[in-house]
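Here's the structure, in structure tokens; my notes come after.
Nothing in this text is a laboratory measurement; each read-out follows from the coordinates by a stated rule. In this text the structure is predicted, and so the values were computed from the model without any measurement. Counting neighbours? That spans all protein chains shown, and the Cβs are built from the backbone with ideal geometry, glycine included.
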């Protein structure tokens, strides 16, 4: 209560009232600015979440914590509740001098400067608010952990997930990467999508995603389903950014997955979109770890360049009947503190060692993630999590179609310049089923005849101008009779 703060409501003197309101909000200590919104932190012994402050709540809160006075015509002063109109005016300012909240985290982390953040509450330097549930016990970490410490920590985390039937060592590394990335996601500008796939249901994909979330947040994963179209996908992802969940899983993906919105979110530090339910736009931070699960996952288009993939295969007919030695839903909450410590030990030891450079190919758009998370895992003896990416590229239907089309074109006309219509006519005359099938697939037409939309084929070629796939590339050379001419080169 801050009843010593009194405001005499006088027409034309809103500035004084606004100043007193700010003093009250600062003194209370649970109000912050996030994504250009005034929000409050609501905590219980188990959970913490944000809620945007509206005029009704603000009027009630201020009436309970301040005195609002008004003089009548006789000059006598009367006390009244805070007018909601005053709160609406205050909220419309949008320029409140309050702490800027970047994220809520539920476990200790490592800040961008390499410093451990262990203390609960708001850290002004990083903009992070840490909330630990009542059962969380974090032990003191060694100030200077060594490579041996990191290897022991990695072994302990591998032992936790030993019952998952990883197809290969890189798949296990992707699982560990998800844990490490989730714990320091607020210190990374970007991070790839971590995906879990298997040939059959019941292999453990969703459980593995839950393991990651239980360690990082102490709670089950926030789950969304695959959307039916790009517009719906964009709305869902904007809602995810607005809610600010630290980890979100796109669960049980059934169709080839591609999302231009998610592509932007994964590779940008912020994303601009319309505030849900309002006409205004806002800029949302993208510091969320995205997970994905599905049977025989297929990623198409640009999203395939933003994924690391963990493959599971129990090699049995009924994988759901396998038994795990430990009930992870019970074990992790009971031992979460030491599990978090293991994960941070790997990253802290790598920092302390000066981040020695590891030998592997770069992962564009995720350089900081690659130079820290990926490198730390390789440094302590784990397989490279990016080694799983070749399977993604080989299975991408967009890459497959383009490579097949370019090869068929080259075999038909070589590296000579041709219009698309000329190549089509030649294929019809020579009954070249392969090129007709490619053009049919590109134009999304069911027949291999005159119904093929060559305009769509032309748009497809322009969208992929000079892109190399399967050892070939198409180059736009010029135009002839108002149509583009193309040459396919073998690289």
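Observations
- Working from label points 7 Å from Cα in the Cα-to-Cβ sense, the residue 264 to residue 353 distance is 4.0 nm.
- Per-peptide packing, taken as the mean over residues of other Cβ atoms within 10 Å, places 65-77, 216-228, 299-311 in the sequence 299-311, 216-228, 65-77 from highest down.
- In whole angstrom, region 349-491 maps to an equivalent ellipsoid with semi-axes of 43, 15, 12, each derived as √(5λ) from the alpha carbon gyration tensor and ordered largest first.
- When the convex hull of its Cα atoms is viewed from all sides, region 71-191 shows a mean projected area of 13.9 nm².
- The alpha-carbon atoms of region 231-331 define a convex hull whose volume equals 144 cubic angstrom per residue.
- From most to least packed by mean Cβ count within 10 Å, the peptides 348-360, 374-386 give 374-386, 348-360.
- For the chain, relative contact order (Cα pairs under 8 Å, six or more residues apart, normalised by length) works out to 14 percent.
- DSSP assigns beta bridges within the chain; of those with both partners inside it, close to 55 percent run antiparallel.
- Radius of gyration (Cα atoms) of the chain, expressed as a multiple of 2.2 N^0.38 Å: 1.22.
- Using alpha-carbon coordinates, inclination of helix 14-28 to the longest axis of the chain, degrees: 80
- Degrees separating the helix 230-243 axis from the principal Cα axis of the chain, which is the longest one: 30
- Crossing angle, helix 147-160 versus the chain [Cα axis fit, 0-90 degrees, rounded to tens]: 80
- Distance between modelled label sites at residue 466 and residue 138, nm, 7 Å Cα→Cβ extension: 4.8
- Descending by average beta-carbon neighbour count within 10 Å, the peptides 194-206, 238-250, 175-187 line up as 175-187, 194-206, 238-250, the highest first.
- Simple spin-label estimate for residue 43 and residue 324 in nanometres, 7 Å along Cα-Cβ: 2.9
- Calculated FRET efficiency for the pair residue 147/residue 334, C-beta based, R₀ 41 Å, to 0.05: 0.90
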